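Asker: Handing you a structure now.
The values are calculated or read from the model by the stated rules, or taken from the named source; none is laboratory data. Being a predicted model, the structure only gives us computed values, none of them experimental. With ideal geometry, Cβ positions are generated from the backbone for all residues, glycine too; neighbour counts draw on all protein chains shown.
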Amino acid sequence: MALNLENYSKAMGKLIAQAWQDPSFVAKLKADPHSVLSTFGLDIPALAKLDVIESGPNDFYIVLPPQPAEGLTEEHLAAIAGGGGTTGSAATAGTAACPVSTAGSAGTAGSAGG
């Protein structure tokens, strides 16, 4: 499966649903996140650090992606600050911020259904 935002979102939705239903699955996910994610078609490089965090109803996490090696130009900063560019959001979508974003969406969907 090609890793794009749609496939990622679908896979994470399935993973979260299973985690909500099966505490033993959560234990496996915490113990070996790389192999569990791969069963959902999410092949994360072995050198990537993965942290599985169970959040509560009042928890919110902000994940700051690494700063680009070349730094940000005035144009990038203006686009991000003004909300007029997609560089910041596209760059965030390709980093570890995705899981947080998806978990937030799942939490919203869960509360909407409840």
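Asker: Look at segment 1-38 and say how many of its residues are within 12 Å of the chain's Cα centre (by Cα) and among the β-branched types (Val, Ile, Thr).
Answerer: Going through segment 1-38 one residue at a time, the tally reaches 1.
Asker: When residues of segment 40-76 are filtered for being closer than 19 Å to Tyr8 by Cα, without any contact (Cβ under 8 Å) to a residue 12 or more places away in the chain and surrounded by 11 or more Cβ atoms within 10 Å (Cβ to Cβ), how many remain?
Answerer: Of the residues in segment 40-76, 1 are closer than 19 Å to Tyr8 by Cα, without any contact (Cβ under 8 Å) to a residue 12 or more places away in the chain and surrounded by 11 or more Cβ atoms within 10 Å (Cβ to Cβ).
Asker: Now, a different point. Being among the hydrophobic types (A, V, I, L, M, F, W, C) and at pLDDT below 85 narrows it down to one of Ala27, Ala11, Ala19, Ala79, so name that one. Talk me through it step by step, then tell me what you get.
Answerer: Working: Ala27 fails: at pLDDT below 85; Ala11 fails: at pLDDT below 85; Ala19 fails: at pLDDT below 85.
Exactly one residue qualifies, and that residue is Ala79.
Asker: Can you tell me which residue in segment 39-72 is farthest from the chain's Cα centre (by Cα), limited to those that are over 23 Å from Gln21 (Cβ atoms) and among the small types (Gly, Ala, Ser)?
Answerer: This residue is Gly71.
Asker: Only one of these conditions is not met by Ala90: (1) under 18 Å from the mean Cα position of the chain (by Cα); (2) at pLDDT 50 or above; (3) more than 21 Å from Val26 (Cα to Cα). Which number is it?
Answerer: Failed condition: (2).
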